[in-house]
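One structure below.
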């Protein structure tokens, strides 16, 4: 039976964590016997009540709370703890959609050659309302057919909608701890350089955007780091995709500044 390990890095997200926990736990409702599931929470030593929430969880949640060196370090700790065949990464303020793991299990069980898969992701606000639908539609159009060059030109894969085999992760190695914002994009490029991503045409998760979040507060640094990651992975090749990435960088930075001015 296929076994999932879902890794959730966490730090002072007690107000969102119950929704994240429930979205993972509810994946087993009505699908007993289809797959096994472990949820691993790697907390960075939160002081906002997160530890108390984790202590109240049952044995289906494995967790640790201790200082770490950032999100990538927490993820790597989770990878070391994972026992599943297929891995997923869900941040402590994001949620899975109902039926996500069943859909992924169906693909991964039927297609042994598929090493990693990704699907559509909605954007929600602090109160779970869907926002920025135009960004979602744009990414949806980009992701239908996987191309490594296209991924080098722009990061159109949302992290919480990605799943990969543990054996593939062992081959590409750990997340890069020196990256603060784009360790996910770097990881997808490393996977994509070896195997094409398999698109699952359904909404798998929801990404929570709000001004205090890392993505909301530091988007200029995030997109600069994305460009550097693409350049590093291209290693002097793929000149046209990297040129496109430079253009996309200017486009998206402008769009996000306009959204900030409009208060959206």
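The values are calculated or read from the model by the stated rules, or taken from the named source; none is laboratory data. Remember, predicted model here, so these are calculated numbers, not experimental data. Note that we place each Cβ from the backbone using ideal geometry, even for glycine, and neighbour counts take in every protein chain shown.
Return the residues of segment 180-197 that are within 21 Å of residue 94 (Cβ to Cβ) and surrounded by fewer than 20 Cβ atoms within 10 Å (Cβ to Cβ); say none if nothing qualifies. Of everything in segment 180-197, those that are within 21 Å of residue 94 (Cβ to Cβ) and surrounded by fewer than 20 Cβ atoms within 10 Å (Cβ to Cβ) turn out to be 180, 181. Is there a residue in segment 195-217 that is closer than 20 Å to residue 76 by Cα and assigned to a helix (DSSP H, G or I)? Checking segment 195-217: at least one residue is closer than 20 Å to residue 76 by Cα and assigned to a helix (DSSP H, G or I).
Would segment 170-179 turn up any residue that is within 14 Å of the chain's Cα centre (by Cα), in a loop (DSSP other than H, G, I, E, B), without any contact (Cβ under 8 Å) to a residue 60 or more places away in the chain and buried (at least 19 other Cβ atoms within 10 Å of the Cβ)? Checking segment 170-179: not a single residue is within 14 Å of the chain's Cα centre (by Cα), in a loop (DSSP other than H, G, I, E, B), without any contact (Cβ under 8 Å) to a residue 60 or more places away in the chain and buried (at least 19 other Cβ atoms within 10 Å of the Cβ). A single entry from 244, 222 fulfils the requirement of being touching a residue at least 60 places away in the same chain (Cβ under 8 Å) and either in a helix (DSSP H, G or I) or out of contact with any helix residue (DSSP H, G or I) (no Cβ under 9 Å at 6 or more places or on another chain) (or both): 244.
In segment 59-81, the condition of being touching a residue at least 40 places away in the same chain (Cβ under 8 Å), in a strand (DSSP E or B), in contact with a strand residue (DSSP E or B) (Cβ under 6 Å, 6 or more places away or on another chain) and more than 15 Å from residue 17 (Cβ to Cβ) is met by no residue.
Screening residue 212 against (1) loosely packed, with under 12 Cβ neighbours inside 10 Å; (2) under 25 Å from residue 88 (Cα atoms); (3) modelled with pLDDT of 95 or more leaves a single unmet condition, (3).
Listed here are the residues, each with its yes/no results for (1) surrounded by 20 or more Cβ atoms within 10 Å (Cβ to Cβ); (2) within 24 Å of residue 200 (Cβ to Cβ).
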site: 64; (1), (2): no, no
site: 102; (1), (2): no, yes
site: 154; (1), (2): yes, yes
site: 157; (1), (2): yes, yes
site: 160; (1), (2): yes, yes
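Could you please find all residues in segment 32-56 being out of contact with any strand residue (DSSP E or B) (no Cβ under 7 Å at 6 or more places or on another chain), in a loop (DSSP other than H, G, I, E, B), in contact (Cβ under 8 Å) with a residue 12 or more places away in the chain and closer than 24 Å to residue 101 by Cα? Once the filter is applied, which keeps residues that are out of contact with any strand residue (DSSP E or B) (no Cβ under 7 Å at 6 or more places or on another chain), in a loop (DSSP other than H, G, I, E, B), in contact (Cβ under 8 Å) with a residue 12 or more places away in the chain and closer than 24 Å to residue 101 by Cα, segment 32-56 yields 33, 34. When the residues of segment 230-240 are filtered to those that are assigned to a helix (DSSP H, G or I) and more than 23 Å from the chain's Cα centre (by Cα), the one that is surrounded by the fewest Cβ atoms within 10 Å (Cβ to Cβ) is 239.
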